[in-house]
Amino acid sequence: MLNRIPSFFREKCGVRAPSRSVSVTFVMMVCLMAGSAMAQGTASPYAFHNNLMPEPAHLEVGHGHFFLPAGLTATTDKFHNARLDNAIHRAMEQLKQQTGVEVSTTASHGTSGDAAFVVSVDGPGEAVQGVHENESYQLEVTPQGIHLHAATVVGAMWGLQTLLQLVQNDGTQYFLPAVRIQDQPLYPWRGLMIDCSRHFVPVNKIKQIIRGMAAVKLNVLHWHLSDDQGFRMQSKVFPLLTKDGSDGQFYTQAQAREIVAYARARGIRVVPEFDMPGHGSSWMVGYPQLASAKGPFHIQDRFGVFDPVMDPTRESTYRFLNKFIGEMVTIFPDAYFHIGGDENNGVEWSHNPRIQAFMKAHHLKDTGALQAYFNRRVLQILSKYHKHMIGWDEVLVPGLPKSVAIQSWRGYKSLAKAAREGHDGILSSGYYLDHMAPASAYYKVNPIPEGSTLTPTQRKRILGGEACMWSEYVDGKTIDSRIWPRAAAVAERLWSPQSVDNVNDMYRRLGVESVRLEALGLTQISQEDASLREMAGTQQIEPLRVLAETMEPVSWGERANYSSEHKITTHAPLDHWVDALRPDPPFRHRFEVMVNEYLNAPRVEKAKSLELTKMFVRWEDAEPGVLRLMDHSPLLAQAKARPGQLAQLGRVGLAALSYLSSGETAPAGWKAEQLKVIESTEAPVALTQFDMLEPLRKMVEAVPESDAGQTK
Ligand code: ACM
């Protein structure tokens with residue numbers, strides 16, 4: 001039995017709980033262990049380390065631990081089916097890989113008896129996993145064994161993921177700390193949207209991403225399958241959609257079914273999106289009769305918003321869509337069907353006299369009203385196939401039937417408006433991974449922000465959110481580092497209580513999670529070095545790594561501007577310096593923390609000072625080595641200005657350290673000079689920027705400067 005204890009232990013002990021969701025029992029245990037560890041002068045190897053991501057809703061840490069024995073077998077003592085058996089098999093296989101302990105990968109079935117690992121599942125859950133599937137689970141680990149209970153197979157899958165994240169070791173053996181977890185998600189819709197139109201993402205990569213999603217309990221793959229740059233889903237009824245509307249890269253129906261099954265096996269729904277009526281070029285290359293203008297049409301090889309839009313005035317458009325949707329619903333069983341609906345510029349509708357006459361005859365006052373008419377017609381088709389319609393927030397216009405769900409990409413306001421008007425909705429504004437923002441920025445975004453004035457009923461309509469991976473500047477090789485590990489921060493925001501909001505602790509756990517994700521086959525860490533080696537043509541890339549960790553890609557907006565100015569197309573290889581670098585590289589946050597800790601007590605923090613000194617020296621020393629590599633690589637040479645700048649920044653850091661650590665005062669004008677150096681390195685080079693200028697600036701600002709002799 002795990003006993004609750006009064007909160008005064010917290011104050012008495014003076015140990016800070018690592019997370020607000022961790023119970024006071026944990027604090028008591030830490031107190032007790034800290035007491036005995038202090039007596040011995042060592043930390044116990046059995047102390048609980050919270051490496052869970054997302055953090056569970058409730059966690060109590062007990063006493064002791066369960067060593068993983070060879071031959072450990074999971075026993076299902078209630079319901080089981082092939083989906084559960086396979087999930088257990090995968091989890092045990094992973095446990096075996098992770099620990100080298102030869103656990104059994106085949107579940108046994110029957111009464112729990114004295115089994116050390118019992119999985120009790122009440123039933124299969126919904127035949128087609130729905131938005132309100134019961135995803136909760138309870139996981140208890142005691143020194144005697146593991147007990148996982150869930151109402152559904154999906155809940156059990158999430159419990160198994162948590163179990164894998166609990167594994168610790170004492171340097172000799174692997175064990176699970178004694179815990180009791182009662183967990184369920186904050187939001188039922190926790191998605192990742194992948195745009196496979198701008199750049200095709202191969203089937204195997206989609207499967208790897210699904211594995212990553214399952215690891216962090218994301219449960220919706222929103223599959224953006226058509227856009228101006230390519231139609232990526234095979235239709236046997238309309239074969240020209242991919243024959244003419246793609247570059248030959250698309251998913252066959254068999255592959256799409258395989259993905260749907262692969263995702264379902266991991267507790268993940270697949271919501272397909274076919275963008276209409278705008279973002280529609282690829283529909284019209286093979287089927288120009290769908291269009292509102294004459295054509296001819298071609299798939300776009302640039303990015304942005306284009307004119308081609310379906311003709312909503314012709315009955316033939318709806319007959320086409322009826323047949324197409326009728327075919328797609330045999331592949332995608334999910335209750336939701338995404339129709340896009342975003343960024344229709346209305347140009348072709350305004351320029352077509354026949355469409356204008358239709359609008360007049362039907363009292364449709366503008367192109368927005370015409371699009372609403374189109375949406376209603378498509379909704380009728382979807383309803384016939386028992387599908388819920390979901391669209392980007394442009395579809396939210398007066399008169400939109402309440403059954404339509406809204407995906408907000410333009411701001412929280414439209415989501416709140418939708419909820420007030422009776423629509424379900426999900427948030428993506430603030431979760432655009434292609435914007436290259438740091439994980440901390442996404443982490444702060446709540447589908448229902450603090451201070452929201454929505455009523456409880458309206459709040460219930462906000463189902464969750466989706467991280468979005470638009471693929472203008474992403475392909476199968478680079479997509480991992482653009483999604484991971486940042487999507488795990490979104491996953492936590494959508495799963496864990498809002499009180500789990502400690503950014504530093506999130507980054508600590510994100511670092512652990514990133515390593516676990518790589519073990520699943522994702523490459524967000526390793527691909528950077530692989531790309532640098534490819535560009536350098538050698539394995540000796542140490543100095544280049546010093547530079548790379550201090551740099552990150554510019555924002556999506558800056559890259560889009562560059563792309564438009566330089567007429568960059570979908571054919572441009574994504575093998576440049578910017579493509580090799582990771583957004584929000586781990587160094588960025590680590591450096592920020594290091595500097596903050598140092599600045600708290602610069603004359604006392606000798607270890608921090610030494611660490612920073614070594615780092616700044618490395619920045620200085622990297623220059624000649626990087627330049628040598630750049631001399632033999634035109635791709636690397638795009639960033640030729642950077643090694644010299646890094647060396648300069650290293651010298652700024654060393655000088656600041658010297659003043660701060662000694663307490664000496666810098667001569668008048670010193671700060672301005674250093675800040676000028678920092679400023680001179682700010683401008684993007686080869687679409688990349690330094691990731692550490694702000695903390696460095698803070699160090700310079702902290703140096704006391706003499707005002708003697710200052711002249712005006
Ligand atoms: C969108 O970003 N146009 C949905």
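The values are calculated or read from the model by the stated rules, or taken from the named source; none is laboratory data. Note that the coordinates shown come from a computational prediction; the quantities given were computed from them, not determined experimentally. Cβ: placed from backbone, ideal geometry, glycine included. Neighbour counts: every protein chain shown. Remember, those area values only see protein heavy atoms, side chains included, never the ligands or the DNA or RNA. Shrake-Rupley method; radii C 1.70, N 1.55, O 1.52, S 1.80 Å.
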Problem - Hey, residue 279 in a loop (DSSP other than H, G, I, E, B), closer than 20 Å to residue 372 by Cβ and either under 27 Å from the mean Cα position of the chain (by Cα) or within 16 Å of the ligand (Cβ to nearest atom) (or both) or not - result: yes
Practice task
Take the stretch 166-190 and flag every residue that is under 23 Å from the mean Cα position of the chain (by Cα) and farther than 12 Å from residue 139 by Cα.
Solution key: 185, 186, 187, 188, 189, 190
Completion exercise
If we keep only residues of the stretch 309-351 that are of a type in the set (S, T, N, Q) and outside any helix (DSSP H, G or I), then the residue farthest from residue 295 (Cα to Cα) is 330
Handout entry: Scope the stretch 508-528; condition in a helix (DSSP H, G or I) and either basic (Lys, Arg) or open to solvent by less than 30 Å² (accessible area, probe 1.4 Å) (or both); matching residues
Key = 508, 509, 510, 513, 514, 516, 517, 528
Completion exercise
In the stretch 665-688, anything under 19 Å from residue 707 (Cβ atoms) and surrounded by 12 or more Cβ atoms within 10 Å (Cβ to Cβ) is listed as 665, 666, 667, 668, 669, 670, 671, 673, 674, 675
Handout entry: Test: residue 72 is part of a strand (DSSP E or B), buried (at least 20 other Cβ atoms within 10 Å of the Cβ) and not hydroxyl-bearing (Ser, Thr, Tyr)
Key = no
Fill in the blank from the handout: Condition set more than 14 Å from the ligand (Cβ to nearest atom) and touching a helix residue (DSSP H, G or I) at 6+ places or on another chain (Cβ under 6 Å), scope the stretch 387-398, selection least open to solvent (accessible area, probe 1.4 Å): answer is 389
Practice task
Under 8 Å between Cβ atoms, at least 6 apart or on separate chains: pull out the pairs that start in the stretch 402-425 with a residue that is among the aliphatic types (A, V, I, L, M) and end on any residue that is assigned to a strand (DSSP E or B) and more than 15 Å from the ligand (Cβ to nearest atom).
Solution key: 404/388; 404/389; 405/336; 405/388; 405/389; 405/463; 415/462; 419/462
Problem - Cβ-Cβ under 7 Å pairs, at least 6 apart or on other chains, the stretch 342-358 side surrounded by fewer than 19 Cβ atoms within 10 Å (Cβ to Cβ), far side in a helix (DSSP H, G or I) and of a type in the set (Ser, Thr, Tyr) - result: 346/367; 350/367
Problem - Of all residues in the stretch 546-574 being within 22 Å of the chain's Cα centre (by Cα) and not in a helix (DSSP H, G or I), the one that is nearest to residue 433 (Cα to Cα) - result: 555
Exercise for the section: Scan the stretch 101-124 for residues that are open to solvent by 40 Å² or more (accessible area, probe 1.4 Å) and part of a strand (DSSP E or B) and jot them down. Expected result: 108, 109
Problem - Matching residues in the stretch 510-521 - criterion: being under 14 Å from the mean Cα position of the chain (by Cα) and more than 16 Å from residue 587 (Cβ to Cβ) - result: 513, 517
Exercise for the section: Considering only residues that are under 21 Å from residue 209 (Cα atoms) and more than 16 Å from the ligand (Cβ to nearest atom), look in the stretch 429-473 and name the one that is surrounded by the fewest Cβ atoms within 10 Å (Cβ to Cβ). Expected result: 438
Exercise for the section: Mind listing whichever residues of the stretch 75-100 are open to solvent by 40 Å² or more (accessible area, probe 1.4 Å) and farther than 22 Å from residue 261 by Cβ? Expected result: 77, 78, 96, 97, 98, 100
Problem - Residue within the stretch 374-394 that is at pLDDT below 95 and not charged (D, E, K, R) present - result: no
Handout entry: Subset of the stretch 352-372 (residues that are outside any helix (DSSP H, G or I) and among the hydrophobic types (A, V, I, L, M, F, W, C))
Key = 364
Handout entry: Positions within the stretch 577-620 being within 20 Å of residue 643 (Cβ to Cβ), open to solvent by 40 Å² or more (accessible area, probe 1.4 Å) and part of a helix (DSSP H, G or I), in sequence order
Key = 613, 614, 617, 618, 620
Handout entry: Filter pass, residue 382 being of a type outside the set (S, T, N, Q) and either within 16 Å of the ligand (Cβ to nearest atom) or under 30 Å from the mean Cα position of the chain (by Cα) (or both)
Key = yes
Completion exercise
Residues of the stretch 401-428 being open to solvent by 10 Å² or more (accessible area, probe 1.4 Å) and either outside any helix (DSSP H, G or I) or within 14 Å of the ligand (Cβ to nearest atom) (or both), in sequence order, are 401, 402, 403, 409, 410, 411, 414, 421, 422, 424
Practice task
Would you confirm whether any residue within the stretch 265-286 is under 29 Å from residue 351 (Cβ atoms), surrounded by fewer than 22 Cβ atoms within 10 Å (Cβ to Cβ) and modelled with pLDDT of 95 or more?
Solution key: yes
Handout entry: Number of positions in the stretch 341-366 that are within 16 Å of the ligand (Cβ to nearest atom) and touching a Phe, Trp or Tyr at 6+ places or on another chain (Cβ under 6 Å)
Key = 2
Practice task
Return yes when residue 482 is basic (Lys, Arg) and within 16 Å of the ligand (Cβ to nearest atom) and no when it is not.
Solution key: yes
Fill in the blank from the handout: Per the list (1) part of a helix (DSSP H, G or I); (2) within 16 Å of the ligand (Cβ to nearest atom); (3) surrounded by fewer than 17 Cβ atoms within 10 Å (Cβ to Cβ), residue check on residue 375 breaks on (3)
